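Input: a single structure, listed below in structure tokens.
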Amino acid sequence: MTDPRTPYPVRVDAALDPSLSRWLWLVKWVLLIPHVVVLFFLWVAFLAVGFVAFFAILFTGRYPRSLFDFNVGVLRWSWRVHHYGYWALGTDRYPPFTLAEVPDHPAHLDVTYPERLSRGLVLVKWLLAVPHYLVVALFVGGGLWLGTRGGDTDDAWDDAANAGVSLVGLLVLIAALVLLFTGRYPKPLYDFVMGMDRWALRVAAYTALMTDRYPPFRLDLGGTDPGSVPAGPVPPSPSGVPTPPPPTPAAAR
């Protein structure tokens, strides 16, 4: 179990637009078609890169940095699309077509690069993550798990809509209807949806071999990831000597 005081290396942040269109969510599925096409090929490449990385980690204990950055980019692109679309409906700003971090975009994802990874753990992460699969299946209908396992490339990230009833989908639909009639997105609902999205993305990165840190069984609610919050002032120790500050998360690439 991850210590809740220790930032998790997968950081997922987003901001809820203060003034969302009441009706745009009705047509976002059409607007997202170009992204769906591109993401299909990106996820095929993601699986191929993960296959190569598996053997690289198994024999060297390292995830090649260029491959790692590419797969982080695919997760980042996917998260921006889902935050705009039906995993959150948190913004009306159209997602950019890029793997890179976009500082002024409301949705962000970053994974701290691991200098070393366990050679043995790479063989059993899929098994260790089984409890999380059950939780993620409830949250997003199983689509994220299907999109990150090493099976058919047809079962990519965007099959979530076909994988059954999704708690995230249900809550986002409720938020969309409230938005349609009131012009406001209920903030507590958004915070809860963000917690489930964050959980799913942490599991995605873990099963994609991008970290050895086991995902925590907790909902970190709200748009700000705990790992993105700067460390506060260091309290003095009983002896009067300040205790060393904890390590701060790496800056977003």
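General remarks:
- Cleavage-rule hits, chymotrypsin sites (Phe, Trp or Tyr not before Pro), region 19-123, DSSP coil, Cβ neighbours within 10 Å at most 11: TRP23, PHE97
- Computed over neighbours whose Cβ is under 12 Å from that of VAL178, the net charge equals +3, Lys and Arg +1, Asp and Glu -1.
- The C-alpha atoms of region 1-143 occupy a region whose extents along the principal axes are 51, 32, 28 Å, arranged from largest to smallest.
- Where only alpha carbons of region 15-65 are counted, the Rg and the Dmax (Å): 18.4, 53
No value in this document is a laboratory result; all are computed from the given coordinates. Quick caveat: nothing in here was measured; it's all calculated off a predicted structure. Every residue, glycine among them, receives a Cβ derived from its backbone with ideal geometry; neighbour counts consider all protein chains shown.
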